[in-house]
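Accompanying notes for the structure given below.
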Amino acid sequence: QVQLVESGGGLVQPGGSLRLSCAASGTIFSINTMGWYRQAPGKQRELVATITSGGSTNYADSVKGRFTISRDNAKITVYLQMNSLKPEDTAVYYCNLEQYGPPKTKYDYWGQGTQVTVSS
């Protein structure tokens, strides 16, 4: 069993910043990808950013230059620093862990989500 626990969401004004964190526990293999996805009302869940255990990152075009994803492999924790927040960033943010474990099958795990609201 893998558990992902997000924290750091909240209400912030446009232009403000938030830092999300997600701590993973359970059967975690050394090679994995962690990331953040978000879902706004009436929209599909979309990728925000991902980072591999090797440090390679990928960002959605909408957040490039504003968000930064990072991870602590020792703690198996992923962070999302969100700057210059916009109202359209409002969504529930979900932490994700993807790994290939025995029997060498792709497994995806999700956190419970944390609400981010950007509003005046």
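Within segment 50-75, the set of residues being of a type in the set (A, V, I, L, M) and part of a strand (DSSP E or B) comprises Ile51, Ile69.
Pairs only if they're at least six apart or on different chains, beta carbon under 8 angstrom, first in segment 17-29 and closer than 14 Å to Pro102 by Cβ, second assigned to a strand (DSSP E or B); list them, first residue then second. Partner pairs satisfying both residue conditions: Thr27/Val2; Thr27/Gly101; Ile28/Val2; Ile28/Leu97; Ile28/Gln99; Phe29/Gln99; Phe29/Tyr100; Phe29/Gly101.
For Thr114, the conditions (1) open to solvent by 50 Å² or more (accessible area, probe 1.4 Å); (2) at pLDDT 95 or above; (3) hydroxyl-bearing (Ser, Thr, Tyr) all hold with the exception of (1).
Only a single criterion out of (1) touching a residue at least 12 places away in the same chain (Cβ under 8 Å); (2) closer than 16 Å to Leu97 by Cα; (3) open to solvent by 30 Å² or more (accessible area, probe 1.4 Å) is not satisfied by Asn32, namely (3).
Could you list, in sequence order, the residues of segment 58-72 that are over 12 Å from the mean Cα position of the chain (by Cα) and not aliphatic (A, V, I, L, M)? Listed by number, the residues that qualify are Asp61, Ser62, Lys64, Gly65, Arg66, Asp72.
Residues in segment 43-81 that are of a type in the set (A, V, I, L, M) and closer than 26 Å to Ile28 by Cα: Leu47, Val48, Ala49, Ile51, Ala60, Ile69, Ala74, Ile76, Val78, Leu80. Of everything listed in (1) under 19 Å from Tyr109 (Cα atoms); (2) assigned to a strand (DSSP E or B); (3) polar (S, T, N, Q), the single unmet condition for Gln44 is (2).
Of the residues making up segment 3-32, not one is part of a strand (DSSP E or B), at pLDDT below 95 and either among the hydrophobic types (A, V, I, L, M, F, W, C) or under 12 Å from the mean Cα position of the chain (by Cα) (or both).
If you scan segment 81-107, which residues turn out to be open to solvent by 70 Å² or more (accessible area, probe 1.4 Å), within 30 Å of Ser120 (Cβ to Cβ) and in contact (Cβ under 8 Å) with a residue 60 or more places away in the chain? Result: Lys86, Pro87. Kindly indicate whether any position in segment 47-60 is more than 14 Å from Glu6 (Cα to Cα), touching a helix residue (DSSP H, G or I) at 6+ places or on another chain (Cβ under 9 Å) and open to solvent by 70 Å² or more (accessible area, probe 1.4 Å). Looking through segment 47-60, none of the residues is more than 14 Å from Glu6 (Cα to Cα), touching a helix residue (DSSP H, G or I) at 6+ places or on another chain (Cβ under 9 Å) and open to solvent by 70 Å² or more (accessible area, probe 1.4 Å).
The values are calculated or read from the model by the stated rules, or taken from the named source; none is laboratory data. This one's a predicted model, so the numbers in the text were calculated from it and none came from an experiment. We place every Cβ from the backbone using ideal geometry, glycine too, and count neighbours over all the protein chains shown. Accessible surface is based on the protein model in full, side chains and every heavy atom, while ligands, DNA and RNA are left aside. Shrake-Rupley method; radii C 1.70, N 1.55, O 1.52, S 1.80 Å.
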